[in-house]
1. What aspartates and glutamates could a cross-link reach from Lys107, if we take a straight Cα to Cα line under 12 Å and drop same-chain neighbours fewer than 8 places away?
2. Under the definition of Cα pairs under 8 Å and six or more residues apart, what whole-number percent is the relative contact order of segment 224-369?
3. Round to the nearest 10 and give me the degree value, 0 to 90, for the angle of helix 304-328's Cα axis relative to the longest principal axis of the chain.
4. To two decimal places, what compactness ratio does segment 178-252 give when its Cα radius of gyration is scaled by 2.2 N^0.38 Å?
5. Given Cα pairs under 8 Å that are at least 6 residues apart, what percent is the relative contact order of segment 150-201?
6. Counting Lys and Arg as +1 and Asp and Glu as -1, each charge on the Cβ, what is the dipole of the chain about the Cα centre in debye, to the nearest 20?
7. Starting from the Cα gyration tensor of the chain, multiply each eigenvalue by 5, take the square root, and state the resulting semi-axes largest first in whole Å.
8. Helix 7-23 versus the longest principal axis of the chain: what is the Cα-based angle in degrees, 0 to 90, to the nearest 10?
Amino acid sequence: MDFRLSPEEEAMSQFAYELATGKFAANAFTWEEKEYPWENARILAEHGLLGMVLSEENGGGGRPMIEGILAMEQITRICPHTGDIVQAANFGPIRSVDLSMEDKKLKREVIEAVISGEHTISQAMTEPEAGSAVTDLRTTAVEKGDGFVIRGRKVFSGHADVSTYFQVYCRFEDGKIGSVLMKRGMDGFNIGLPQKYMSGAHYCELTFDDVFVPKNHVITHDFRKLMGAMNVERCGNASRCVGVAQAAFDRVLQYVQERKQFGRYLYEFQGIQWKLADMYRRLEAARWLVYRAVVNAGMGVSAPMESSLAKIEANEMVQYVTNEALQIFGAYGYSKELPLEYLYRRGRGWAIGGGTLEMQRTRVAASLLGKKISQRPEKPRRQQGEE
Ligand SMILES: Cc1cc2nc3c(=O)[nH]c(=O)nc-3n(C[C@H](O)[C@H](O)[C@H](O)COP(=O)(O)OP(=O)(O)OC[C@H]3O[C@@H](n4cnc5c(N)ncnc54)[C@H](O)[C@@H]3O)c2cc1C
């Protein structure tokens, strides 16, 4: 066992940190009020960070997943909005396209578009009546000629207002859940007005009013493949929690050595020292759970147990660390003058998106027990002699 980064991993982490410090730091906390940071997407593309972990044969960079995670952590540490771009081009729905889509030409077109930094892709999974219970989704795909007609409605599709491509989860006529690729502008495909989460990130409601998608737009017909890719997406969610928490911790470490009260620096108070130790302890614990899940997954998909453990720990850790950081900054932390309040708001949503904390705990329990644990009400048992 060796808990050190390899020289290549160390170099990637350092490279991403320096790139982000040089190019993204100056405007890092201004994006909430502006358009999507396309200019940063182009810089990431120029430096090979978009699609870096996607397969080389499909136009990706073919780098090990851990390198993408390390790069994203450092970029998020400096500019969380830019970290989201790295996620969308490496660990989000683009990964399902890379691993599962059969049509090689279309697959390559989508991957090349997304990693150019000119386009992005949104996940359209959640529906009004199907949140945690994703298998309750009602969007249908009905075969017609050489394609499928899609009808339904989605909510909370991330950055849909600026996306060109959409991975739409739907139910085929055989009852199986899969997903299809939809393109902005297809007939009957409506994208609602952008709404904002408390982090400022955008999402939209989508409606599919008999949208025809050709057969080659099927990403997969296999729900297990979708969930496999989702485990990797969860590692990306957890890694950005580590980046945001690190951003808060960096600021705190400096502040306690500058701010004086009662004639002493804050760090001289034992109450503050213990907070620093606990923040760092939890940051490191989450970080290494994320790295373990990603390294064990290699170039493929992460194990459900490991990705859920990493997600739970990182989701709870980022809330704790950013909250403590805000507290240590006092009124300055709670003010809009500094990004502490933003980091606190930013960390909160990841405990809901990508599968809630509660659902992740259920998955961990199921792995421990080696059983599928149904969340549905028990069907009434038939009495003897009943039809
Ligand atoms: C930041 C963010 C980004 C998102 N991005 C996207 C996106 O890009 N695309 C997309 O399609 N969706 C996205 N979502 C939506 C997300 O997938 C759903 O919010 C999530 O799956 C939970 O569904 P819900 O909000 O309907 O909550 P519900 O499923 O209604 O759950 C409500 C509460 O009940 C709990 N609960 C439900 N079932 C159980 C159970 N069996 N046991 C214990 N507790 C339970 C939940 O944990 C939760 O606390 C995003 C959400 C957030 C916050």
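The values are calculated or read from the model by the stated rules, or taken from the named source; none is laboratory data. Computed from a prediction, not measured in an experiment: that's the story for all the values here. For neighbour counting, all protein chains shown are included, and Cβ atoms are generated from backbone atoms with ideal geometry for every residue, glycine included. When the accessible area is computed, the model is the full protein with side chains, heavy atoms only, and any ligands, DNA or RNA have been set aside. Shrake-Rupley method; radii C 1.70, N 1.55, O 1.52, S 1.80 Å.
1. List returned: Glu57, Asp98.
2. So the answer I get is 32 percent.
3. Compared with the principal axis, the helix lies near 40 degrees.
4. 1.54
5. Over segment 150-201, the number comes to 33 percent.
6. I would put it at about 900 debye.
7. Three semi-axes, in Å: 37, 25, 20.
8. 80
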